[in-house]
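See below for the structure under consideration.
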Amino acid sequence: MSTHINAPEGAIAQTVLLPGDPLRAKFIAENFLKDAKCYNEVRGMYGFTGTYNGKRISVQGTGMGQPSLSIYVQELFQFYGVQNAVRIGTCGSISEDVKLRDIILANGACTDSSLQSQRFGLMHYSPVPSFKLLNAAYNKANELGLKTVVAPCVSSDRFYDANENWKLWKKYGAAGIEMEAAELYTLAAEFKRNALAILTVSDHIITGEATTAEERQTTFKDMMKLALETMTSL
Ligand code: HPA
């Protein structure tokens, strides 16, 4: 048991998929996992453990934004011994080369979050994923015939980007903007665990295009399959 996750010891697998939306965690458990059991309902932030390809895997909602993800991921690492944490989420594209429904494997996560300055002060840490997970996901996507883009993302604290800071991040090569990956990567470094963010492009910041609900469902299923097949093949 921990403050925000009231799971008994052993109820959470060593590998955890992390959607922002807890109802997505429920959907994944009900539609992709076998024998899924709910281990957390605190604050409606559902967590489930089941099996996929015969291997134990958990799925835990994190909420939106780095402070929320930070709470759940810290507890998973510190109290439940989780070794592999994979964010599965959406992002906005800030690159002409990255289209709606593309899947980004984030090989770095820039951020404007004060979580970084609280830790590092005037020094600047580079949040990066586990190469092992990144490489495995990239190879698995090719095997499954799914197109992926390996590129840095931006984890912003501000969804409504009134100052259009995305333009500066774009200039320096970031491809997608979301709100969680940098803290996930930084916590994984702190606890010496493996992390990766897999992001499907749900909207395009430059063109203003957005996916329909049906498209989001299909691309979400592709991303889920990629995450589950990757993590159960290691
Ligand atoms: N900004 C931040 N997070 C997001 C976006 C966005 O445009 N799209 C999906 N998640």
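The values are calculated or read from the model by the stated rules, or taken from the named source; none is laboratory data. Please read these numbers as outputs of a predicted model, since none were measured by experiment. Here Cβ is always computed from backbone atoms with ideal geometry, including for glycine, and neighbour counts include all displayed protein chains. Accessible surface areas use protein heavy atoms only, side chains included; no ligands, DNA or RNA. Shrake-Rupley method; radii C 1.70, N 1.55, O 1.52, S 1.80 Å.
Within the stretch 152-171, work out how many residues are under 17 Å from Glu183 (Cα atoms) and surrounded by fewer than 20 Cβ atoms within 10 Å (Cβ to Cβ). Steps first, please.
Quick first cut of the stretch 152-171, residues under 17 Å from Glu183 (Cα atoms) only: 152-159.
If we keep only those that are surrounded by fewer than 20 Cβ atoms within 10 Å (Cβ to Cβ) too, we end up with 157-159.
Residues flagged as under 17 Å from Glu183 (Cα atoms) and surrounded by fewer than 20 Cβ atoms within 10 Å (Cβ to Cβ) within the stretch 152-171 amount to 3.
For the stretch 171-196, how many residues are within 14 Å of Ala106 (Cα to Cα) and not hydroxyl-bearing (Ser, Thr, Tyr)? Outline the logic, then answer.
Step one: filter the stretch 171-196 for residues within 14 Å of Ala106 (Cα to Cα), giving 173-186, 194-196.
In the following step, the residues that additionally are not hydroxyl-bearing (Ser, Thr, Tyr) were identified as 173-184, 194-196.
Counting residues in the stretch 171-196 that are within 14 Å of Ala106 (Cα to Cα) and not hydroxyl-bearing (Ser, Thr, Tyr) gives 15.
Identify, please: which residue in the stretch 64-82 is among the hydrophobic types (A, V, I, L, M, F, W, C), more than 11 Å from the ligand (Cβ to nearest atom) and out of contact with any helix residue (DSSP H, G or I) (no Cβ under 6 Å at 6 or more places or on another chain) and is, among those, nearest to Cys110 (Cα to Cα)?
Initial filter on the stretch 64-82 (among the hydrophobic types (A, V, I, L, M, F, W, C)): 64, 69, 71, 73, 76-77, 79, 82.
Cutting the leftovers down to more than 11 Å from the ligand (Cβ to nearest atom) gives us 69, 71, 73, 76-77, 79, 82.
Retained after the next criterion (residues that are out of contact with any helix residue (DSSP H, G or I) (no Cβ under 6 Å at 6 or more places or on another chain)): 71, 76, 79.
On the way: Ile71: 20, Leu76: 23, Phe79: 27 Å.
Only one residue tops the list, namely Ile71.
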Would you confirm, using the coordinates I've provided, whether Ala182 is of a type outside the set (D, E, K, R), assigned to a helix (DSSP H, G or I) and either modelled with pLDDT of 95 or more or surrounded by fewer than 19 Cβ atoms within 10 Å (Cβ to Cβ) (or both)? yes
Any residue that is within 16 Å of the ligand (Cβ to nearest atom) and in a helix (DSSP H, G or I) - is there at least one of those in the stretch 187-208? no
Residue in the stretch 83-105 that is farthest from Ala151 (Cα to Cα), counting only those that are away from the ligand (no atom under 13 Å from the Cβ) and open to solvent by less than 10 Å² (accessible area, probe 1.4 Å): Ala85
Against the conditions (1) open to solvent by 80 Å² or more (accessible area, probe 1.4 Å); (2) part of a strand (DSSP E or B), where does Gln118 fall short? Just the number, please. (2)
Condition first: under 24 Å from Arg158 (Cα atoms) and open to solvent by 60 Å² or more (accessible area, probe 1.4 Å). Now tell me which residues in the stretch 209-234 satisfy that. Glu209, Ala210, Thr212, Ala213, Arg216
Verdict on Ile12 being away from the ligand (no atom under 16 Å from the Cβ), surrounded by fewer than 23 Cβ atoms within 10 Å (Cβ to Cβ) and either over 16 Å from Glu178 (Cβ atoms) or among the acidic types (Asp, Glu) (or both): no
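For (1) closer than 27 Å to Gln78 by Cβ; (2) among the aromatic types (Phe, Trp, Tyr); (3) more than 16 Å from the ligand (Cβ to nearest atom), each residue gets a yes or a no:
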| residue | (1), (2), (3) |
| --- | --- |
| Ser130 | yes, no, yes |
| Leu133 | yes, no, yes |
| Tyr138 | no, yes, yes |
| Arg158 | no, no, no |
